[in-house]
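Sharing a structure below in structure tokens format, with a few things to ask.
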Amino acid sequence: GDALALCFAIDLASALGDRKAALRAAGFVASYWQERGDRGLRPSMPGYSLALSWIALGFAAGGRFTDAERLAERAIYQDAKTCGPVATWAFSHVFDAEGRTAEAISKLAGDGVKYYEEGGLSFFDGRLASYGARFLLDREGHGEGRSSLRIYDTAFDRVLQYSGYANGNPWSQPQRRTPRTRREVMKESAKSFLGQVFGGRNEETLEDVVRDEKNQGKATLEDVLAWMPPTPQLLADASFLLLRLTVNGSVLPSDQRWAELTKAWTTSLSSMLDQHNIYDEGPDSARLSHMAIIAASLMCPPIALPHSEGRVFLLSRAFSLFGQLLRSDSSQPADETKKAWAEVVKLLSEASSSTDDFEGWDIELRPAIDQAICFAACKSQDAESLCIARSFNSLGVSLRPNCPEEWYRYSIVLEALGDDVAAEDARTASVSLGAGEGGAGVH
């Protein structure tokens, strides 16, 4: 019961972007079980490793990285099959905060995939796979863009295609049937074999076959759960990964994936408006998470999103303008375009210094803001915007000194400001930490 309550609490904290709430929930459960002594949480109890992994995740989200990593390792050692996805989620927070790119790639894009590849409920495996793709891009290696793009196609584009959301015309029910279990196949084979041997009447008549063909389009509960339509969380993860691939240069703004993702967001928001009034604040309103609101603004104007204010509204405005500039053609005047990019930097800077209740989980919000600020500042060629980007990157290399991508991005801004010596030092630091390693066929 405590583990289930902790699971719901951390999921809610994730949707609200409240790191402190996640830490408090994990700390309360851990201290409660510790104080119970012999009646507390013991390795022999059912669900021990799962509860341990959720506690580790709460600690990791709240900043207690050493304790979180130790608990996650213990949980995976106890029962990797049960708690692997949640423990991997905790590991991803630890590795991202400390800039441990090589270990993160191993856990989320290498051999560690086996720990979460079966955690497909509500596309949770796709969420962790997107983290792995971003860690691959952090290494700035040869072929890492293609490897990350394959992860995007496998985890996200596949869902948009089979659900019809990529074309803006979703299916009313799954168009595929759930794969039959081995037991069902063997049962049907044995029934057919016995019928042929003993000459018994085959239970499945021609009328039954015709009836099954006519009813093949009727989806069962298993079909719906196996071929679910994309959730707002999946679309948000896809949006941030595709944004990173675009900023990285692996995907062009005119790529078909952007058009398909835009149709998916439009379709998803329209279906929510048909079922609920997402602008209301009543108990029955279907509200999007804060990160989903920010991600959707890349493709949709902020006015088409649920009510938001403060930091969320500033970020929505910034990413909406960012998306418009990415999709705009070169016919616009250069000076106006540069001013618009400078406005993006200003909005993102104001949002980062905002003191409202929304913090956002670092592994999701921080990379998007840092990448967008650096990209927009370089596009604006504005000295003030570049100085803002330099301050963000300086903070990044201070907090995550082991991340090669942080140093590489820092070198780009320094070079744009004319500090060639410091830019070369930053590039050297990036290479020494593993930038440029790997190959197209490695992952």
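Any read-out appearing in this document is the output of simple, stated calculations on the displayed coordinates, not a laboratory observation. This one's a predicted model, so the numbers in the text were calculated from it and none came from an experiment. Here the Cβ positions follow ideal geometry from the backbone for every residue, glycine too, while neighbour counts run over all protein chains shown.
Work out, step by step, the length gained on full extension between residue 169 and residue 417: first 0.36 nm times the residue separation, then minus their alpha carbon distance; give nm to one decimal.
Between residue 169 and residue 417, full extension yields 84.6 nm more.
Given Cβ point charges of +1 (Lys, Arg) and -1 (Asp, Glu) and nothing else, what value in debye, to the nearest 20, does the dipole of the stretch 49-172 about its Cα centre take?
Charge dipole, the stretch 49-172, about its Cα centre: 100 debye, nearest 20.
Set the Förster distance to 22 Å, then compute FRET efficiency between residue 350 and residue 15 from the Cβ-Cβ distance, nearest 0.05.
Calculated value: 0.40.
Next question. Kindly state, to the nearest 0.05, the FRET efficiency for residue 381 paired with residue 150, given R0 = 35 Å and r defined as their beta-carbon distance.
0.55
If each residue of separation counts as 0.36 nm, what is the full-extension length gain between residue 117 and residue 432 once their alpha-carbon separation is subtracted?
110.2 nm
Extension gain residue 161-residue 28, at 0.36 nm per residue separation less the Cα-Cα distance, in nm?
The span from residue 161 to residue 28 would gain 43.6 nm if fully extended.
Using all C-alpha to C-alpha distances in the stretch 363-443, build P(r) with 10 Å bins and read off the rounded percent in each one.
The percentages, shortest bin first, are 20, 48, 28, 5, 0.
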